[in-house]
Amino acid sequence: MRMGMDGVSYLNLSRNCVRLFLLTLCVFAMVHSLAAQDAADADVSSASPQAILRDQDIEVTAEFLSTGVFRKDKHVFFRVRATWLESGEQLSTRLEGTPELHNFRILSSSTSSIARRSPGGFRKEEIYQFRLMPIDEGPARVGSVEIVVRSKSGEEVKRLSTLPCDTTIGIAKPSLMRFLPLASGIVVGIAIVVVVVRLVLCRCRKEDEPVVTPPPASSPVEDLLAQARRWRMEGDPGRYYSTLERIVGEELAKRYSYHKGRLSSSKDLPPDTDSDTRRLVDSFFTRCAEGKYSPGIPSREELDRIWEDAKRLLSMGDSSHK
């Protein structure tokens with residue numbers, strides 16, 4: 001590529017702008033590092049108390065998730081967890097109201113359930129998590145939390161209360177973070193200059209650059225299969241089964257021109273469909289239905305088997321289209 005004197009000047013200017021940009025990034029990194037060190041050295045003490053209550057086979061824990069410095073401008077996570085071994089009667093827990101707070105306010109809350117297979121039965125966990133924002137520096141407290149335990153029929157079995165959790169909220173020392181807006185403005189300005197110089201240099205080019213062909217987009221079936229794999233890796237068998245059921249049902253409906261939605265059993269197949277295909281379709285959708293709502297965790301072999309059956313049904317659909 002040949003370039004006149006103006007092109008050479010623009011190239012030198014671009015190099016100088018890049019050098020200045022890299023220098024600014026180094027200064028910005030030093031400022032951010034010093035600011036983080038100031039915040040870490042702030043003379044603030046906090047605690048992460050943990051209140052544990054055991055009642056027969058039910059263990060209730062209340063604790064702050066963070067063990068570092070609690071600051072006025074940073075949110076805090078607080079968790080209440082009920083754990084029990086379910087070997088006989090099925091139990092469930094529910095949080096009675098919200099905890100009493102001192103020097104905190106609730107930003108959001110969430111609830112999750114976990115079930116694990118153990119030698120004595122299923123070990124279950126109910127987790128109630130709160131995202132709290134400190135109000136002011138000084139002492140702070142999350143009061144006791146009441147957990148209601150109910151049987152499968154809905155009858156109240158017992159009530160358990162945790163102990164209060166106390167901590168201290170502080171405020172960080174003044175730091176170099178006040179220079180952050182200025183450093184950001186410098187970086188943005190240099191970036192704009194570099195972009196402008198780049199555009200000018202591109203106009204000086206006399207040779208066309210080769211056209212880059214973007215890679216082909218993935219198909220909806222491949223996207224859904226990838227999503228199913230993610231659900232399995234994240235330990236969510238219910239969504240894993242549901243996604244496979246959706247993929248196969250929709251693809252078989254297209255294959256056999258079924259216009260009433262997804263195909264869900266061999267009854268929706270054409271009359272001339274062979275018996276092997278009918279048995280495979282019924283087996284696949286039956287196991288998907290059981291897997292979605294089963295309280296246990298399927299074995300690895302079962303998860304692999306349902307995956308292979310789904311691929312087999314999808315490949316049968318592909319061959320028919322060809």
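The values are calculated or read from the model by the stated rules, or taken from the named source; none is laboratory data. Everything numeric here is computed off the predicted structure, so don't read it as measured data. A quick note on method: Cβ atoms are made from the backbone with ideal geometry, for glycine too, and the neighbour counts reach across all protein chains shown.
Numerical summary
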item	result
1 or more residues in contact with a strand residue (DSSP E or B) (Cβ under 8 Å, 6 or more places away or on another chain) and closer than 14 Å to R141 by Cα: qualifying strands (runs of 3 or more DSSP E) within region 57-125	58-64, 76-86, 104-118
Residue list for region 231-251, restricted to those being surrounded by 13 or more Cβ atoms within 10 Å (Cβ to Cβ), under 19 Å from the mean Cα position of the chain (by Cα) and without any contact (Cβ under 8 Å) to a residue 40 or more places away in the chain	W231, D236, R239, T243
Any hit, region 63-81, residues being assigned by TED's automatic domain parsing to the domain that holds S153, polar (S, T, N, Q) and modelled with pLDDT of 80 or more	no
In region 235-270, the residues that are of a type in the set (A, V, I, L, M) and touching a His at 6+ places or on another chain (Cβ under 9 Å)	A253
Pick from region 111-149, criterion at pLDDT below 85 and among the basic types (K, R), ranking: surrounded by the most Cβ atoms within 10 Å (Cβ to Cβ)	K124
Hits in region 255-282 - residues which are in a helix (DSSP H, G or I) and closer than 18 Å to T243 by Cβ	V281
In region 89-133, the residues that are among the small types (G, A, S) and touching a residue at least 24 places away in the same chain (Cβ under 8 Å)	S92, G97, A115, S118, G120, G121
Residue in region 281-290 that is touching a residue at least 12 places away in the same chain (Cβ under 8 Å), surrounded by 17 or more Cβ atoms within 10 Å (Cβ to Cβ) and basic (K, R) present	yes
S264 being at pLDDT below 85, surrounded by 12 or more Cβ atoms within 10 Å (Cβ to Cβ) and among the polar types (S, T, N, Q)	yes
Test: residue in region 294-301 that is in contact (Cβ under 8 Å) with a residue 40 or more places away in the chain and loosely packed, with under 12 Cβ neighbours inside 10 Å	yes
